[in-house]
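First comes the structure, then the notes that go with it.
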Amino acid sequence: MTFLLTLYVLVWPVIVAGVLFVIGRAFYREVRAAKAEGRTII
């Protein structure tokens, strides 16, 4: 039971890191597209 609890607690940072990676990658693509079109992000 301790192993399952440990696995459950340790999987959350992996999920959060994955979500942050996806958001960061999408933002980077938007910045590149805006720069190519000559417009600002804001």
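Summary of computed values
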{"quantity": "Those residues of the chain which are more than 20 Å from the chain's Cα centre (by Cα) and β-branched (Val, Ile, Thr), in sequence order", "calculated": "THR2, THR6, THR40, ILE42"}
{"quantity": "Qualifying residue in the range 19-42 (condition: surrounded by fewer than 10 Cβ atoms within 10 Å (Cβ to Cβ), among the polar types (S, T, N, Q) and either touching a His at 6+ places or on another chain (Cβ under 7 Å) or modelled with pLDDT under 95 (or both))", "calculated": "yes"}
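The values are calculated or read from the model by the stated rules, or taken from the named source; none is laboratory data. Predicted model only: the values in this text are computed from it and were never measured. For neighbour counting, all protein chains shown are included, and Cβ atoms are generated from backbone atoms with ideal geometry for every residue, glycine included.
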